[in-house]
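Presented below is the structure to which this report refers.
The values are calculated or read from the model by the stated rules, or taken from the named source; none is laboratory data. Every value quoted in this text rests on a predicted model; they were computed, and no experiment measured them. So basically every Cβ, Gly included, is an ideal-geometry build from the backbone, and we count neighbours across all protein chains shown. For the accessible areas, the whole protein counts, side chains as well, though only heavy atoms, and no ligand, DNA or RNA atoms are used. Shrake-Rupley method; radii C 1.70, N 1.55, O 1.52, S 1.80 Å.
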Amino acid sequence: MDEESELIQPEEQSCWASLPDVCLRRVFWWLGDRDRSRAALVCRKWNQMMYSADLWRYRTITFSGRPSRVHASEFESALWYVKKFGRYLERLEVKFLNPYNAVLTKKFQVTMRGLLSCLGKSNNRLKSLSIQHLELDRLVWRNSIRSSFVRSLSFFLKKVGKHLDYLNLKGARLTVEQGCHVLNSLSYMRNETVISELNIEDYFSHHLAVYSSPQFKKTMSTFHNLVSLTLNYNCISDELLEDLCENNASTLWTINIKCHIHDPHGQVIWGMSWAKLARQATNLRVNFFFERIMKYERLARILLREIPIRSLSLRSCYFSDPDWSMRPTLTDLLPTFRHTLQKLTFEFNNNHESLDEQLHVLILSCRKLFYFKIWAFLDVRFVEQILKSQEEGQCALRTLKVRIYTNRYETNEEDRTLREIYRKYRKLIDSELSYFVIAYPMM
């Protein structure tokens, strides 16, 4: 009888029992927290797999900003995760979606205080931290709540700053004093910080002329290892460029600059400051993102010929101004950067002027351009002109995205023409392009 049982046992045993650890770990990787906890109860091997460091290195914690029973456990589960597996964490992203009232911001602040405190005690391997779009200048963030959160975050960054490589605080909207206090925590007990990627886009509240703050200039001088820097144009000054040249020239590859109509952007930056940085940081590429700043005079003050611009985005967000013309920008300003431009994004309301020819000439002049996206009033045949130039080797686009605005509700005629164009150049499109073209009624 015993011999018979021994013969039958291997056949009855589940194939999961002999599954290699690497495969089992992959299965666990796809499970949510609740399913992982249940699976850990199956056997000792699966329980051990539950505590595999590979499963808990990356984490996105999302808090709903709306009162709801469904989301009531989000705050408790976040603390549970950090207490149980926070020591394995290497990359953490925290999202707080549009807080509805001060009760929820208070709850978030208390939860983050406990979360960051626990992480600070148990974790010594965190490399990346992202806490975006908090908008701390909104009324739902009372002064006491905001101050408490800033203190908790600063204290945490003092502990982990020595091995943190990436920090994203986009959309925090702090005062200059509070913002600099948080950033200074990264260099606590040291004269410099080792962070290589820093995103402080919309980090300061709107309307602040950060470029004139001595405190901000002193704070930025502590960064000595930057590879990528993202910020607003109201932070840019000759002194900042000088600091970047002196402390980060050997490492700096990318500067992303957002310039919004509501941010101060009238400061004078000397071309020689950009030229010196470009000479020292030989791999530097600058990407500009303009929001509702479309007039030539303003753009010309910012887009100096000494800047090695790789990417440019101009968006008017559907606003229309009959006194504004895009032609000088397309014909006189942007061709200045034809040797470096690789990506162009336009979204504007040009109902009062035709720009098809100017756009076509600009694309042909930018020999390195591989990405072109435009939402504007255009003739449908503009797309055919671009595809013909691509076929003849006059341009080398890899991405073409076009939304053609019309003043009619019906776009049947445009749609029919676009289908004909696609059939004509289908072989070219399928083999060379990421292609999206549509007619859109702009009423």
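Some notes on this structure:
- The C-alpha atoms of the chain define a longest principal axis, and helix 143-160 lies at about 70 degrees to it.
- Listed pairs Lys158/Lys217; Lys106/Lys217; Lys84/Lys218 exceeding 27 Å between Cα atoms: Lys106/Lys217; Lys84/Lys218
- Around the Cα centre of the chain, unit charges on the Cβ atoms of Lys, Arg, Asp and Glu (plus for the first two, minus for the last two) sum to a dipole of about 1200 debye.
- Per residue, the chain exposes 51 Å² of solvent-accessible protein surface, assessed with a 1.4 angstrom probe and all protein chains in place.
- Simple spin-label estimate for Thr340 and Asp415 gives 4.4 nm between the two label positions (7 Å along the Cα-to-Cβ direction from each Cα).
- Net charge, Pro20 excluded, C-beta distance under 15 Å - Lys, Arg +1, Asp, Glu -1: +1
- About its Cα centre, the dipole of region 312-442 is roughly 620 debye, where the only charges are +1 on Lys and Arg Cβ and -1 on Asp and Glu Cβ.
- When restricted to Cα atoms, region 302-443 yields an Rg and a Dmax of 15.0, 46 Å, respectively.
- Total formal charge among the other residues, if their Cβ is under 13 angstrom from that of Tyr100, Lys/Arg +1 and Asp/Glu -1: +3
- Nearest-10 value in Å² for the accessible area of Thr254, using the 1.4 Å probe: 40
- Neighbours of Asp321 by Cβ distance under 15 Å: Lys/Arg scored +1, Asp/Glu scored -1, total 0.
- Split the accessible area of the chain by element, probe 1.4 Å, and carbon with sulfur accounts for 49%.
- Against the chain, whose longest principal axis comes from its Cα atoms, helix 74-85 is set at around 60 degrees.
- Dividing the summed helix terms, -39500 (n - 2.57) for each DSSP H run of n ≥ 4, by the number of residues in the chain produces a 222 nm estimate of -11500 deg cm²/dmol to the nearest 500.
- Degrees, to the nearest 10: 356-365 long Cα axis against longest axis of the chain: 70
- Pairs with C-alpha atoms separated by more than 20 Å, drawn from the list Lys258/Lys373; Lys95/Lys127; Lys107/Lys258; Lys368/Lys388; Lys127/Lys170, are Lys107/Lys258.
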